[in-house]
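The values are calculated or read from the model by the stated rules, or taken from the named source; none is laboratory data. Predicted model, so just to flag it, every value in this text is computed and none were measured. Every residue, glycine as well, gets a Cβ built from its backbone with ideal geometry; the counts of neighbours run over all protein chains shown.
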Amino acid sequence: MFRMVAAIIMAVFVALPAVAAAKSSPASEQTFGQWHVRSGQDNWTAYTKDASGRMFGMTCYKSCNFVLAMNKPCKDGETLEAMMSGPLGEKVIPIHCWSNRDYSMFDIDDPDLGSHLDGNFIGFALALADGMFAVARFSLEGAKEALAAIGHPLPAGAPQRQGNSGSDDGLSTKVM
């Protein structure tokens, strides 16, 4: 059953068919800053893409999960760790693969992730072979509105990183 649900969500999230944006408006699409909202008959997706086509967002089908789509092969069901960096700082988070293709989808297992979306950018790094990393950086412009449009507003009063003027988001796209 999980594989069937995952396949449905992956089709909506990766292929991104032209479907609706809001639950009440099945024939439209909405854009909020750098974020997009699309819906199917019983599923909703709020997402953003980086310049390389990698995606980050939330998919909802019976329950909602933050997901990350990256070009890192993994084994279906495999649990990995990723480094996440955002407005509240950096942390290691568990992610769960549900594809064995070259372009994998990961469920992000972090109950506090929503509080990290109140800022300018969020980034993820996944270890590859030979000391290399897959790194993705996503704009959070429009995240609050997009998540609210699918019925999942960010926590009110999400804490802000202390000492950050907002111009330095603390993220780097350099891979060493």
Looking for something out of contact with any helix residue (DSSP H, G or I) (no Cβ under 8 Å at 6 or more places or on another chain), within 17 Å of S52 (Cα to Cα) and either in a loop (DSSP other than H, G, I, E, B) or not aliphatic (A, V, I, L, M) (or both) - is there at least one such residue anywhere in the range 73-80?
yes
Would you call S85 assigned to a loop (DSSP other than H, G, I, E, B) and among the polar types (S, T, N, Q)?
no
Test for M83: is it aliphatic (A, V, I, L, M), touching a Lys or Arg at 6+ places or on another chain (Cβ under 9 Å) and at pLDDT 85 or above
yes
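Find the strands (runs of 3 or more DSSP E) located wholly in the range 101-141 whose residues include 2 or more that are within 19 Å of G53 (Cα to Cα), touching a residue at least 12 places away in the same chain (Cβ under 8 Å) and charged (D, E, K, R), and list them.
none
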